[in-house]
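Report on one structure; see the data block that follows.
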Amino acid sequence: MGVGMARKFDPRGFFLFSARKRLRPTGAIPRSVLCGSMLFALGLISLFSGQIAADLEWSRLRGRWRSKKDRNEPINIWKSEYSNLYYGCSDRGPHFRSVLRESKSNGYLLIATSGGLNQQRTGITDAVVVARILNATLVVPELDHYSFWKDDSEFANIFDVNWFISALSKDVTIVKRIPDKVMRSMEKPPYTMRPPRKSTREYYLYQVLPILLRRHAVQLTKFDYRLTNRLDDELQKLRCRVNYHALRFTKRIQVLGQRLVKRMRKMSSRFIAVHLRFEPDMLAFSGCYYGGGERERNELNEIRKRWATLPDLSAEDERSRGKCPLTPHEVGLMLRALGFENDTHIYIASGEIYGGEQSLQPLKDLFPNLHTKEMLAGDDLKPFLPFSSRLAAIDYIVCDESDVFVTNNNGNMAKILAGRRYDLK
């Protein structure tokens with residue numbers, strides 16, 4: 001044993017070594033006290049120097065703000081100086097493994113989406129991620145034909161199927177349908193189930209995967225918001241790749257959408273697109289009241305009955321919580337308050353406005369240059385009129401190409417467009 005060391009026995013059976021106590025001269029300052037004092041002094045110096053640096057930075061920023069204010073420089077309301085701080089995040093990471101081929105996958109995943117175009121879009125996005133989690137082959141999702149919108153469009157009527165399959169070929173194997181040979185070999189038809197809302201990755205691995213391995217095909221119904229947002233970064237990036245790159249509209253829809261954009265540009269070099277969710281179904285779903293008396297209450301209550309699971313809501317509480325979609329008049333007041341002049345051209349993306357022209361008139365009084373797809377497209381729109389999702393896709397394109405995008409309700413389309421406009425920068 002070295003000099004100055006003592007051996008102690010630990011009850012657990014180990015020998016511990018510790019330094020022997022050494023005598024120090026009377027009046028000497030203990031080393032621990034000295035070190036503590038030095039650390040305390042360094043902390044004070046760091047605190048004061050940090051405060052001085054923060055004060056200097058604040059003074060510099062305040063000086064810049066005051067100098068701009070003193071010069072009365074106009075604010076460019078058409079462009080945010082902070083927009084360059086956002087960037088896309090959909091690129092694959094270097095360690096994101098390649099997809100398994102169809103023959104080596106765990107089976108076939110079928111998806112039945114739900115809702116309007118953009119709600120179904122979120123379902124399609126999550127379907128790709130779930131297929132990745134399960135190592136499953138995804139069958140091109142089936143769109144909703146039975147909800148409020150009654151649109152019988154198929155996936156291929158709205159999205160470019162071949163592009164969808166090829167764009168995601170490194171992430172998930174996608175087929176247009178289950179091969180006949182595989183279907184004939186199945187003892188039973190695909191197992192049908194509905195996952196709970198915002199299900200975790202573990203739910204799909206422990207609840208869905210065993211069934212998929214046993215039955216070779218599983219169909220998930222009413223697939224909207226059935227996957228949690230708490231996923232690892234690579235799966236979140238996959239979501240972005242699906243939503244912002246793989247889901248490309250058909251050429252027919254793209255051509256008409258771009259034609260409307262050109263017509264807007266002919267009238268003005270810059271324009272605002274307003275996604276005005278003021279349709280009867282939206283107002284009924286919100287549970288809000290807009291001053292239309294008993295007639296409004298009765299009409300919207302009848303529509304609410306179509307959703308059996310909707311809770312009873314207090315219109316006053318919803319408005320106080322900021323949950324009510326803005327009226328067309330309120331949208332106009334907001335835009336004027338932001339500084340947009342009344343000669344600004346505005347594209348209105350919407351379905352049937354509740355209250356019709358009477359509801360829109362206050363917005364027209366503030367901004368006379370209002371345009372809709374019906375006004376811009378004329379007879380070109382006729383083939384699309386029976387299909388609400390295809391009409392919504394045209395609105396999506398014009399909103400995506402606008403200089404400023406505004407919404408009166410933070411719904412699916414608003415969130416998707418906000419992400420897309422930054423991801424493609």
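Things to note:
- Net charge contributed by nearby residues that have their C-beta within less than 12 Å of ASP403 (K/R +1, D/E -1): +2
- 17 Å cut-off, amide nitrogen to a point 7 angstrom out along GLU187 Cα→Cβ, residues in the range 210-235: 210-218
- Between ILE211 and ALA418, the modelled labels are 3.4 nm apart [label points 7 Å from Cα along Cα→Cβ].
- Accessible surface of the range 303-425, 1.4 Å probe, proportion on carbon and sulfur as whole %: 50 percent
- Amide proton proximity set for ALA349, modelled H, under 5 Å, gap of 5+: VAL274, HIS275, LEU276
- Computed on the Cα atoms alone, the convex hull of the range 225-371 gives a volume of 187 cubic angstrom per residue.
- The calculated FRET efficiency for ARG336 paired with LEU313, based on their beta-carbon distance and R0 = 30 Å, is about 0.50.
- For the range 305-349, the solvent-accessible area with a 1.4 angstrom probe is 62 square angstrom per residue.
- Kirkwood-based shape ratio for the range 86-150, expressed as Rg/Rh from alpha carbons: 1.07
- Computed from backbone phi with θ = phi - 60° and the Karplus coefficients 6.51, -1.76 and 1.60, the 3J(HN,Hα) list for the range 152-168 is 8, 5, 8, 3, 6, 7, 10, 10, 6, 5, 4, 5, 4, 5, 6, 5, 10 Hz; x is used for glycine and proline.
- The range 354-382 and the range 298-336 have Cα centres lying 21 Å from one another.
- Its convex hull of Cα atoms gives the range 321-420 a direction-averaged projected area, equal to a quarter of the hull surface, of 7.2 nm².
- Pairwise FRET efficiency - LYS382 versus ARG92, Cβ, R0 = 25 Å, nearest 0.05: 0.05
- Solvent-accessible area, 1.4 Å probe, carbon plus sulfur percent, for the range 118-190: 51 percent
- Interchain or long-range residues, amide H under 5 Å from GLN219's placed H: LEU110, TYR191, THR192, MET193
- Applying a DSSP loop filter and a limit of 15 other Cβ atoms within 10 Å to the GluC sites (Glu not before Pro) in the range 338-408 leaves GLU341, GLU352.
- Lys-Lys pairs in the range 185-279 that are eight or more residues apart or on separate chains and whose Cα atoms lie under 24 Å of each other come to 6.
The values are calculated or read from the model by the stated rules, or taken from the named source; none is laboratory data. Quantities reported herein were computed from a predicted structural model and do not represent experimental measurements. Virtual Cβ from ideal backbone geometry, glycine too; neighbours counted across all protein chains shown. Surface areas here come from the heavy atoms of the whole protein model, side chains and all, with no ligands, DNA or RNA. Shrake-Rupley method; radii C 1.70, N 1.55, O 1.52, S 1.80 Å.
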